[in-house]
Every structure is written in structure tokens, then in C-alpha cells.
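Worksheet: one structure, shown below.
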Amino acid sequence: MADFYETLGIARDASADEIKRAYRKLARELHPDVNPDPEIQDRFKEITAAYEVLSDSQKRHSYDMGGSNFGGGFGGGFGGGFGDIMDAFFGGGGSRGPRPRIRQGQDALIRVEVNLYEACFGVDREITLESALVCSKCTGTGCADGASPQVCGICKGRGETQQVVRSVIGQVMTSRPCSNCQGFGSVISEPCRECAGDGRVRARQSISVKIPAGVETGNRIQLIGRGEVGFGGGPAGDLYVEIVESEHEYFIRDGHDLHMSLGISMSAAALGTSVSIETLDGSVDLSIKAGTQNAAKISVKGKGMVRLRSGGRGDIIVHIEVATPTKLNREEEDLLKKFAHLRGEKTGDAHVKTHDGGIFSKLRDAFTK
């Protein structure tokens with residue numbers, strides 16, 4: 001595809017006026033009425049296609065961002081042929097008949113916060129929001145009682161007006177949306193007092209939302225037809241309910257699994273014990289084996305989060321934190337020294353760990369992921 005800026009001989013930061021002047025200059029030289037040469041006519045089509053894109057701010061932005069849906073010539077760049085070229089050249093709006101009053105409404109988005117329990121098992125939630133609803137007074141017509149839209153006396157229902165403009169390439173007919181009816185082809189002479197002819201009003205409404213089990217932050221629930229009602233009482237768009245999961249007191253979620261830290265004493269880690277922990281399903285007994293090391297992990301199967309749409313549950317991963325005493329009285333200190341003596345341990349005993357899955361291995365894995 002040719003570079004449209006190069007085709008018109010302008011810089012990429014050219015203003016709208018510079019683009020228009022460049023096109024006018026080239027059009028005077030290359031228009032088929034001035035120069036019937038077939039090669040010159042192809043060149044005229046190229047500059048026209050370039051102008052059609054660069055003179056429209058939205059199309060120009062899309063083109064600058066790398067868009068490629070811009071064809072050359074009369075058929076690719078202009079859906080309506082020579083009439084559209086003249087509209088682009090002389091500022092016409094390209095209107096093609098009356099536009100409909102009834103239009104599709106926009107989608108809406110609302111965020112709903114749920115706690116971990118609700119995210120796991122699902123919940124029915126009543127939400128209140130403000131959106132565009134069909135005007136109950138006129139039921140969307142926009143007209144006062146007994147009134148109806150009347151054919152526009154200016155455009156006679158066509159939605160557009162035409163005028164002949166003299167230009168450097170002769171007289172041309174341009175079309176623009178009718179300023180009297182804004183292109184609708186009809187006018188509402190007696191608008192509804194409630195909605196001022198819009199056919200809709202803004203109001204608060206309550207909607208019941210069923211939040212399924214297993215959702216997490218960022219998930220969206222689509223409620224078809226519960227968004228904004230369109231102009232003229234047109235069909236409503238969709239409402240999207242976005243889930244925001246609040247932070248739990250001690251659980252950290254990782255997909256379908258839940259992680260928690262459990263602190264135990266040094267003696268409990270050495271001798272083993274059984275403790276009761278709270279889960280989303282209630283309390284369960286957790287068995288800690290004798291000799292459990294600090295940072296050990298114990299899995300509680302099937303007590304994690306529900307898997308969205310697929311069923312089943314994740315696990316709870318309990319991270320053990322062995323608490324080493326920081327202050328000892330004389331009796332406790334003597335007992336620990338006796339314990340060390342019985343085990344043949346000496347103060348200051350230490351040895352370098354090999355890569356056997358210990359803390360060094362965990363650190364290595366963390367830095368190489």
C-alpha cells in the first residue's frame with residue numbers, strides 16, 4: 001500500500017488545512033476533466049484515496065497506528081464513488097438518506113466486590129446502578145401524549161439537503177445532513193416533557209446477579225440486554241459485572257489453591273502434634289509429624305477454591321513456621337544445653353548444605369525462574 005503522506009507530498013504531522021491545500025493543488029493538475037491520460041487518472045484516484053483517509057481524524061489515527069483497511073481508487077477508499085469524493089473535497093457529510101431514531105444502546109460495566117467465601121461458593125447479589133432506561137411517559141417515542149414525529153419540511157423526509165457548489169473543477173452537487181431534523185428526516189414538534197424527546201431517562205435500578213462458584217478478580221459476568229437503553233428507546237446493550245475479590249485475613253489465593261502460614265513451637269515441630277485450623281468449610285484437624293522442619297508444607301486436599309465451570313476443588317497449602325525461642329531463663333537454657341549434650345551437638349556446629357532441595361536450592365530456583 002502506498003504511503004498516503006508521500007502520495008499527497010506532505011509531512012506526517014501536516015495539519016488538516018495543509019492536507020486540504022495539498023489535495024486541491026494536485027486535483028487541479030490531475031483531474032480527468034483536465035487531463036484524460038489514463039495514467040494521470042490512476043494518479044488522481046490515488047491522491048483522492050489518500051485524502052479521504054487523512055482528512056478524517058479517526059481514519060487518519062487508524063492509518064497512523066498501522067491500519068491496513070484502506071483501499072486505493074474509487075471503490076476502495078470511497079463506498080459511494082464520485083459523490084463521496086466531492087463530499088470529501090468540499091466538506092460534505094456523506095449522508096445517505098434519513099438515519100434511524102431508534103438506536104442500539106451502549107454496554108455498561110459495574111464492579112462488584114466479593115469475599116473469598118462468596119468467590120469460592122458463589123452468591124446471589126442485588127446490585128443498584130444508574131443507567132439509561134426507557135422513558136415510562138412516552139414509552140420511548142420521545143413524543144408528548146397524542147403527538148408523533150412529523151416529516152421534516154426542509155428535507156421532505158430525506159434526512160439530507162443538497163446544494164450546487166462551483167469549484168475549480170466545475171459545478172458539483174454536495175449532500176449534508178439536514179440541520180433542521182439532524183438527519184432523521186422527521187422532527188418532534190411536541191417532545192415528551194419527561195425525556196425531552198430522547199425516548200429514555202437516567203434512573204436507578206436494582207438487578208439480581210447470580211455470581212457463580214469459583215470466580216476471581218477480573219472475571220466478568222455478562223447480563224444480556226441489561227445495559228444502557230438506546231436513543232429513541234432502542235434495544236439496550238449488555239451489562240458486564242466485573243468481580244473484585246477482597247483480601248482474606250489469612251488465606252492467599254493462587255488459582256484454585258489457598259496458602260496459609262501456621263506458626264508452631266520448636267518442641268511441637270520436634271515431637272509432632274495435631275492442631276485445628278479454620279477452612280472455608282469449617283474447622284479441620286491438621287496432623288504435624290514429629291521432626292517437621294521450618295518452611296515445610298502440608299496439603300489439605302480438596303479444601304481450596306471451587307474450579308469455575310469445571311467443578312472440583314483445589315487444596316489448602318499450609319506453610320509451617322517453626323518459632324525459635326528468643327529469650328530463655330536459666331532453667332530453660334540449662335535444659336537446652338543438656339539436650340544438645342545428649343544429642344552430641346556442640347555450640348557453633350554448622351555445615352554447608354548441598355543442593356538437596358534445601359533453602360539454597362529454593363533460592364536458586366527463585367532466581368532462575
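Throughout, read-outs are computed from the coordinates displayed, never taken from laboratory work. Owing to the predicted nature of the structure, the values given are computational and were not obtained by experimental measurement. Neighbour counts are summed over all protein chains in view; Cβ atoms, including those assigned to glycine, are modelled from backbone coordinates with ideal geometry.
Using per-residue counts of other Cβ atoms within 10 Å, averaged over each peptide, order 113-126, 202-215, 225-238 from highest down.
Packing proxy ranking, top to bottom: 225-238, 113-126, 202-215.
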Extended-chain gain in nm, criterion 0.36 nm per residue less alpha-carbon gap, V112 and T128: 4.7 nm
With each label point set 7 Å from Cα along the Cα-Cβ vector, what nm distance links S208 and D3? 6.3 nm
Between L336 and T324, 0.36 nm times their residue separation minus their Cα-Cα distance comes to what? 3.1 nm
Label S299 and M173 with points 7 Å out from Cα along Cα→Cβ: what is the distance between them in nm? 7.8 nm
Qualifying aspartates and glutamates (Cα of each under 12 Å from Cα of K303; at least 8 residues distant if same chain): D257, E278, D281, D315
Check cross-link reach from K289 to the aspartates and glutamates: straight Cα distance under 15 Å, and skip same-chain residues fewer than eight apart. E321
Starting from the Cα of Q150, step 7 Å toward the Cβ, then list every residue of segment 183-198 with an amide N under 13 Å from that point. 186-191
Expressed as a rounded percentage, what relative contact order does segment 302-341 have, with Cα pairs under 8 Å and six or more residues apart? 25 percent
Label points 7 Å out from Cα along the Cβ direction at R43 and R220: separation in nm? 4.9 nm
Please go through segment 284-349 and write out the GluC sites (Glu not before Pro) that DSSP classes as loop and that have at most 13 other C-beta atoms within 10 Å. E345
Can you return the lysines within cross-link range of K45? Criterion is Cα-Cα under 27 Å, with same-chain partners fewer than 8 residues away left out. K20, K25, K59
At R0 = 45 Å, how high is the FRET efficiency between T139 and T279 if r is their beta carbon distance? Nearest 0.05 is fine. 0.25
